[in-house]
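A.B. asks: Take a look at this one; I'll ask things after.
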Amino acid sequence: MTSEEAGSKAPLWASLTATFFGIGHLHPGPGTWGSAATVLSWWALTHWIPLNLQLWAAIAIVVLVVLIGIPASTQVSRAFAAKDPQFVVIDEVAGQLIALIATPVTWKSLLAGFILFRGFDIIKPPPVRQLERLPEGSGIVLDDVGAGFYALAIMQLLLHFGLLPR
């Protein structure tokens, strides 16, 4: 079976969601492209979200991405008979957004959040690596959620100690 035949078995909504509207098909490093697209999308969205609602909007979007991303990732991974296909980047979307929660939308903060999340996503410190062992879409998405929380913690420390401007 070719990858196109396998992919056609995944519902369109799942393929579009799991690849973040095709971003996951960019090379090299689809996960990095997914994170970069998320940072740029968040930056653009914040222009229409009042400052006092940005925290709650970020949290709501993360919850929505995780709730939709897990079943989408499950559908796509089943269609391709792969545990964690590289082109599935909805997990990077969730983790990257977590890293940016309660963070000012400045180029320095966005860049720091991007670098921190990508670093934790690649290194996968405990217990993040263990989350990969969860079944199907849960394992695909929740390890990046864990990496996002690591990045969020460091971001908040950087902000607290004035190493990033508020």
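The values are calculated or read from the model by the stated rules, or taken from the named source; none is laboratory data. Not measured: the values here are computed from a predicted model. Here Cβ is always computed from backbone atoms with ideal geometry, including for glycine, and neighbour counts include all displayed protein chains. The area values use the complete protein model at the heavy-atom level, side chains included, leaving out ligands, DNA and RNA. Shrake-Rupley method; radii C 1.70, N 1.55, O 1.52, S 1.80 Å.
A.B. asks: Kindly evaluate D91 against the criterion of being in a helix (DSSP H, G or I) and under 22 Å from L159 (Cα atoms). It would help to see each step written out before you state the result.
C.D. replies: Details: in a helix (DSSP H, G or I): yes; under 22 Å from L159 (Cα atoms): no.
In short, no.
A.B. asks: Just the residues that are crowded, with 20+ Cβ neighbours inside 10 Å and part of a helix (DSSP H, G or I), please, taken from the range 13-32. Steps first, please.
C.D. replies: Just the residues of the range 13-32 that are crowded, with 20+ Cβ neighbours inside 10 Å, to begin with: 14-15, 17-20, 23-24, 30-31.
Matches in the range 13-32: A14, S15, T17, A18, I23, G24, P30, G31.
A.B. asks: Another question, if that's okay. Give the number of residues within the range 33-55 that are assigned to a loop (DSSP other than H, G, I, E, B) and among the aliphatic types (A, V, I, L, M). Write out each step before concluding.
C.D. replies: Applying the first criterion (assigned to a loop (DSSP other than H, G, I, E, B)) to the range 33-55 yields 46-50.
Now restrict to residues that are among the aliphatic types (A, V, I, L, M): 49.
Result for the range 33-55: 1.
A.B. asks: State all residues of the range 132-160 that are part of a helix (DSSP H, G or I) and either over 20 Å from L55 (Cα atoms) or among the acidic types (D, E) (or both); if no residue qualifies, say none.
C.D. replies: Answer for the range 132-160, where residues must be part of a helix (DSSP H, G or I) and either over 20 Å from L55 (Cα atoms) or among the acidic types (D, E) (or both): E136, G137, S138, G139, I140, V141, L142, D143, D144.
A.B. asks: Among (1) in contact (Cβ under 8 Å) with a residue 40 or more places away in the chain; (2) closer than 22 Å to T46 by Cβ; (3) part of a loop (DSSP other than H, G, I, E, B), there is one condition L163 misses while meeting the rest; what is its number?
C.D. replies: (1) is the only condition that L163 fails.
A.B. asks: Quick check on T74: is it in a helix (DSSP H, G or I), out of contact with any Leu (no Cβ under 7 Å at 6 or more places or on another chain) and either at pLDDT below 95 or more than 18 Å from R133 (Cα to Cα) (or both)?
C.D. replies: Working: in a helix (DSSP H, G or I): yes; out of contact with any Leu (no Cβ under 7 Å at 6 or more places or on another chain): yes; either at pLDDT below 95 or more than 18 Å from R133 (Cα to Cα) (or both): no.
For T74, the condition - in a helix (DSSP H, G or I), out of contact with any Leu (no Cβ under 7 Å at 6 or more places or on another chain) and either at pLDDT below 95 or more than 18 Å from R133 (Cα to Cα) (or both) - is not met.
A.B. asks: Right, next: Would you mind finding the one in L142, L163 that is farther than 22 Å from V63 by Cα and either open to solvent by 10 Å² or more (accessible area, probe 1.4 Å) or within 10 Å of the chain's Cα centre (by Cα) (or both)? Step through it out loud before you land on a result.
C.D. replies: Working: L142 fails: farther than 22 Å from V63 by Cα.
Exactly one of L142, L163 is farther than 22 Å from V63 by Cα and either open to solvent by 10 Å² or more (accessible area, probe 1.4 Å) or within 10 Å of the chain's Cα centre (by Cα) (or both), namely L163.
A.B. asks: Could you tell me how many of the residues in the range 103-131 are open to solvent by less than 50 Å² (accessible area, probe 1.4 Å) and assigned to a loop (DSSP other than H, G, I, E, B)? Step through it out loud before you land on a result.
C.D. replies: Of all residues in the range 103-131, those open to solvent by less than 50 Å² (accessible area, probe 1.4 Å) come to 103-106, 109-110, 112-114, 116-121, 124-125, 128.
Retained after the next criterion (residues that are assigned to a loop (DSSP other than H, G, I, E, B)): 103-106, 124-125.
So the count comes out to 6.
Residues checked against (1) open to solvent by 70 Å² or more (accessible area, probe 1.4 Å); (2) among the small types (G, A, S); (3) touching a residue at least 60 places away in the same chain (Cβ under 8 Å):
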{"site": "A37", "(1), (2), (3)": "no, yes, no"}
{"site": "L40", "(1), (2), (3)": "yes, no, no"}
{"site": "W43", "(1), (2), (3)": "yes, no, yes"}
{"site": "W48", "(1), (2), (3)": "yes, no, no"}
{"site": "S73", "(1), (2), (3)": "no, yes, yes"}
{"site": "R78", "(1), (2), (3)": "yes, no, yes"}
{"site": "A82", "(1), (2), (3)": "no, yes, no"}
{"site": "V88", "(1), (2), (3)": "no, no, yes"}
{"site": "A94", "(1), (2), (3)": "no, yes, no"}
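A.B. asks: Against the definition (without any contact (Cβ under 8 Å) to a residue 60 or more places away in the chain, of a type outside the set (V, I, T) and under 17 Å from A72 (Cβ atoms)), how does L157 come out, yes or no?
C.D. replies: On the way: without any contact (Cβ under 8 Å) to a residue 60 or more places away in the chain: yes; of a type outside the set (V, I, T): yes; under 17 Å from A72 (Cβ atoms): no.
It is false that L157 is without any contact (Cβ under 8 Å) to a residue 60 or more places away in the chain, of a type outside the set (V, I, T) and under 17 Å from A72 (Cβ atoms).
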